[in-house]
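Contents: one structure, followed by commentary.
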Amino acid sequence: MEPTDVAVIGGGRSGLATAHALQRRGLRPVVLEASDRAAGSWPRYYDSLTLFSPARYGSLPGMPFPGADHDGHPHRDEVVAYLTAYAERLDAEIRTDCRVTAVRRTGDVLTVELERGGRLSARAVVAASGTFGRPHRPALPGPEGFTGQVLHAADYRSPARLTGRRTVVVGAGNSAVQIAAELAATARGTLATRGPVKLAAQRILGRDLHFWTTRTGLGAAPLGRLLSRPPAQPVLDDGRYRAALAAGRPDRRPLFTGADGSKLVRHVRPDGQREEIDAIVLAIGYRPDLPDFAGLDGALDAAGNPRHREGLATGVAGLAFGGLERQRSLSSNSLRGVGRDAERIARRLAAYLARR
């Protein structure tokens, strides 16, 4: 069985940042990426996606985002190119097309089993596989009896396949509003939410919001020091989404309560008439994608979520998690935040391995 210091599962933003932080502490990480390149889930996001933060706040440790427009918001393909370049510059072993199927305890080490055969014996493991592989599909009232098309934002690429179709986007976050506004330009689009959409100004007193969260430390502050249950993050808006919603492109309606064929219950036009709906897009997030840890005692809870405290597993020695939503701070699952979490994880793992 092949030995290594640390196996990092996932070659996206969190996995790359973790490998960088581990190297700085003299450890030899092996990054295992299931896809054909180290760019995480970014190549599979929808075509028009842009970073919600400016380039100057969207860099991984040791490599600023390229380009002269540091206040611009990089598009999906620019982020993919940046992550690819970061991986190439990183002096670490990165294995692509290398899917992990199971992680098990074998004596004092963790055994990582690979889909194409072979195993690694790791003194420590970091699960940085992200969430994109597990789209959240809650039991909403309606889709099970709906005769139209139902897809998740993970399946959405562009308005082309929905052009001219009556579409309802479910969700109140950044992606939901961005997709609904984009669809409204070529289709009859509605945003269905449980309550009003919360918008936050992208710029305050001439500065991007991320300038202020960085200056005050709010974006990096541990969540436990803020609130026991932090509120949902608002949609960052430079004015276009407020204007689009005000103009009814898309219009916002309460979440439907059921479906009758192609019609949604309580989803009515302003004149009170129910209408035919062609498609529903669920833009309500993701959950940690960790099926390979199901057989490792103490790693996951009954719902398949990681048992951890600020990224360090609470039930398995030598195991850590990276790239989780609100892992430690409001910015944990973002380009601007994964580096801080990676440094903390690497420091703790290095101390753990030194004790052994």
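The values are calculated or read from the model by the stated rules, or taken from the named source; none is laboratory data. Quick caveat: nothing in here was measured; it's all calculated off a predicted structure. So basically every Cβ, Gly included, is an ideal-geometry build from the backbone, and we count neighbours across all protein chains shown. The accessibility values were calculated without ligands, DNA or RNA, using every heavy atom of the protein model including side chains. Shrake-Rupley method; radii C 1.70, N 1.55, O 1.52, S 1.80 Å.
Some values worked out for this structure:
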item	result
In the stretch 253-263, residue modelled with the highest pLDDT [restricted to those that are charged (D, E, K, R) and buried (at least 17 other Cβ atoms within 10 Å of the Cβ)]	ARG253
Matching residues in the stretch 295-339 - criterion: being more than 27 Å from THR50 (Cβ to Cβ), open to solvent by 50 Å² or more (accessible area, probe 1.4 Å) and either touching a His at 6+ places or on another chain (Cβ under 8 Å) or touching a residue at least 24 places away in the same chain (Cβ under 8 Å) (or both)	GLY295, ASP297, GLU310, THR314, ALA317
Condition met for ALA7 (in a strand (DSSP E or B) and touching a strand residue (DSSP E or B) at 6+ places or on another chain (Cβ under 8 Å))	yes
Evaluation of LEU218 against (1) in a loop (DSSP other than H, G, I, E, B); (2) modelled with pLDDT of 85 or more; (3) open to solvent by 30 Å² or more (accessible area, probe 1.4 Å) (one fails), failing number	(2)
Which numbered condition GLY62 misses (of (1) out of contact with any strand residue (DSSP E or B) (no Cβ under 9 Å at 6 or more places or on another chain); (2) at positive phi; (3) open to solvent by less than 30 Å² (accessible area, probe 1.4 Å))	(3)
Residue list for the stretch 340-354, restricted to those being open to solvent by less than 40 Å² (accessible area, probe 1.4 Å) and of a type in the set (Gly, Ala, Ser)	ALA342, ALA346, ALA350
Lone qualifier among HIS75, HIS70 - being open to solvent by 10 Å² or more (accessible area, probe 1.4 Å), touching a Ser or Thr at 6+ places or on another chain (Cβ under 8 Å), in contact (Cβ under 8 Å) with a residue 12 or more places away in the chain and more than 28 Å from ARG119 (Cβ to Cβ)	HIS75
Count of residues meeting criterion [crowded, with 18+ Cβ neighbours inside 10 Å, out of contact with any Gly (no Cβ under 9 Å at 6 or more places or on another chain) and not in a loop (DSSP other than H, G, I, E, B)] in the stretch 134-149	1
Test: residue in the stretch 15-36 that is modelled with pLDDT of 95 or more, within 14 Å of the chain's Cα centre (by Cα), small (Gly, Ala, Ser) and buried (at least 18 other Cβ atoms within 10 Å of the Cβ)	yes
Test set (1) open to solvent by less than 40 Å² (accessible area, probe 1.4 Å); (2) touching a Phe, Trp or Tyr at 6+ places or on another chain (Cβ under 9 Å); (3) of a type in the set (A, V, I, L, M); (4) farther than 20 Å from ALA128 by Cβ - LEU290 fails condition number	(4)
Among the candidates LEU32, LEU110, residue that is hydrophobic (A, V, I, L, M, F, W, C) and touching a Cys at 6+ places or on another chain (Cβ under 6 Å)	LEU32
Members of the stretch 97-115 that are touching a residue at least 24 places away in the same chain (Cβ under 8 Å), surrounded by fewer than 16 Cβ atoms within 10 Å (Cβ to Cβ) and either within 12 Å of ALA38 (Cβ to Cβ) or small (Gly, Ala, Ser) (or both)	ASP97
LEU83 vs. criteria modelled with pLDDT of 95 or more, at negative phi, of a type in the set (A, V, I, L, M, F, W, C) and in contact with a helix residue (DSSP H, G or I) (Cβ under 8 Å, 6 or more places away or on another chain)	yes
